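Engineer: Structure below; questions to follow.
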């Protein structure tokens, strides 16, 4: 065995040596309870998505061994990790603030993990140099963190995590510290590196774009529980909570369907276009861009859905103006700056909101 291959003994795989992650994480702390089940195959990137305080970071820390489980189990490649100390787990972590050692060069930051695993200084530095080259940072090997840009520091932190050859890679808001321009470039690079990673990766983020671009599967957590999981495209198309709908930019309502009509509780009805007649509880979703606004009740409009609303607020949303509406049906509407000016929109103004049935999407609740 060479110095490069020598590692600290880790947990022994269980019978069958099943690959991937199999965990039920139960953490009870004061008034908060986390209870989530996570499974992922080798090579899969799992994103934990949810609002602040939902339990995402607690779940990540439980996987790393930094928070003890109150109940449940944690198996990685068939090995039980519940009682394995953090330093003995085959887990690499990229923290939100990267936590690079300020007194060490980029090379020695990356070599730190292999050194802790028993590799000689020369072998650890050789492995670190290889990772820096893969990250496009070979020319920055001797630079200390203060001389690195945000994107470069992020890649050094990723290289440091990968240099230990983990079977589970944990990324805690890995792009949050970057400016918008850098984030775009680093996101693309991170996606490439994750695609090459052969074990399980778990990403925590509150940014839907990061989750959609980087992950194979999303797990949405609210109030310590999983509320929806699946492929990014499925979740974006069929959100099941208000949080997810707002995240992916949809108006979402729950009601009772009868054919092509959905009654929203005690509120108005929504006409929908579906290939098969619906019956029972359903969700109805449509984007803010599908909403057309009028200052007077329109005559001869083809849209079957028309509601009287009041402008509660206006805000810039990219190149558009987003109107927050209350009234018969609380919803969001997107329109151009010119249209908003022509309609003389302002808080308190009465408007009529219309949506064509063909622009709605209905699916079972």
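The values are calculated or read from the model by the stated rules, or taken from the named source; none is laboratory data. Predicted model only: the values in this text are computed from it and were never measured. With ideal geometry, Cβ positions are generated from the backbone for all residues, glycine too; neighbour counts draw on all protein chains shown.
Engineer: Can you go through 224, 230 and tell me which one is surrounded by 19 or more Cβ atoms within 10 Å (Cβ to Cβ) and under 24 Å from residue 37 (Cα atoms)?
Structural biologist: The unique qualifying residue is 224.
Engineer: Name every residue in the stretch 259-268 that is within 16 Å of residue 306 (Cα to Cα) and either not in a loop (DSSP other than H, G, I, E, B) or not assigned by TED's automatic domain parsing to the domain that holds residue 329 (or both), in order of residue number.
Structural biologist: Those that are within 16 Å of residue 306 (Cα to Cα) and either not in a loop (DSSP other than H, G, I, E, B) or not assigned by TED's automatic domain parsing to the domain that holds residue 329 (or both): 261, 262, 263.
Engineer: Considering every residue within the stretch 124-132, establish whether at least one is on the phi < 0 side of the Ramachandran plot and not in a helix (DSSP H, G or I).
Structural biologist: Checked against the condition, which is being on the phi < 0 side of the Ramachandran plot and not in a helix (DSSP H, G or I), the stretch 124-132 yields no hits at all.
Engineer: Tell me which of these residue 98 doesn't satisfy, since it passes every other one: (1) farther than 28 Å from residue 57 by Cα; (2) not in a helix (DSSP H, G or I).
Structural biologist: Unmet condition: (1).
Engineer: Let me ask something additional. Pick out the one residue from 162, 247 that is in contact (Cβ under 8 Å) with a residue 12 or more places away in the chain and within 13 Å of the chain's Cα centre (by Cα).
Structural biologist: Criteria check complete, one pass: 247.
Engineer: Taking the stretch 270-304 only, how many residues are at negative phi and under 33 Å from the mean Cα position of the chain (by Cα)?
Structural biologist: 22
Engineer: Then there is this: Kindly list, by first and then second residue, each pair from a residue in the stretch 32-59 that is touching a residue at least 40 places away in the same chain (Cβ under 8 Å) and in the same structural domain as residue 205 (by TED's automatic domain parsing) to a residue that is crowded, with 21+ Cβ neighbours inside 10 Å and part of a loop (DSSP other than H, G, I, E, B), limited to pairs with Cβ atoms under 6 Å and residues at least 6 apart or on different chains.
Structural biologist: 33/224; 34/55; 34/224; 42/199; 45/215; 47/215; 55/224; 56/50
Engineer: Name the single residue that is modelled with the highest pLDDT among those in the stretch 174-218 being more than 23 Å from residue 233 (Cβ to Cβ) and in contact with a strand residue (DSSP E or B) (Cβ under 9 Å, 6 or more places away or on another chain).
Structural biologist: 199
Engineer: Exactly one of (1) in contact with a helix residue (DSSP H, G or I) (Cβ under 9 Å, 6 or more places away or on another chain); (2) surrounded by 14 or more Cβ atoms within 10 Å (Cβ to Cβ); (3) within 19 Å of residue 353 (Cα to Cα) is unmet by residue 260. Its number?
Structural biologist: Status for residue 260: all satisfied but (3).
Engineer: Residue 138 fails exactly one of the following numbered conditions: (1) surrounded by fewer than 18 Cβ atoms within 10 Å (Cβ to Cβ); (2) touching a residue at least 24 places away in the same chain (Cβ under 8 Å). What is the number of that condition?
Structural biologist: Status for residue 138: all satisfied but (2).
Engineer: Which of (1) surrounded by 17 or more Cβ atoms within 10 Å (Cβ to Cβ); (2) touching a strand residue (DSSP E or B) at 6+ places or on another chain (Cβ under 8 Å) does residue 315 not meet, given it meets every other one?
Structural biologist: (1)
Engineer: Another question about this same structure. Please tell me if residue 92 is under 25 Å from the mean Cα position of the chain (by Cα), surrounded by 22 or more Cβ atoms within 10 Å (Cβ to Cβ) and part of a strand (DSSP E or B).
Structural biologist: In short, yes.
Engineer: Counting only residues that are in the same structural domain as residue 38 (by TED's automatic domain parsing) and on the phi < 0 side of the Ramachandran plot, give me the helices (runs of 4 or more DSSP H) lying completely in the stretch 145-254 with at least 1 of them.
Structural biologist: 150-162, 180-196, 208-214, 232-237
Engineer: Report, ordered by the first and then the second residue, all pairs with beta carbons closer than 6 Å, sequence separation of six or more or different chains, a first member in the stretch 324-345 that is at negative phi, and a second member that is part of a loop (DSSP other than H, G, I, E, B).
Structural biologist: 328/268; 329/268; 333/291; 343/295
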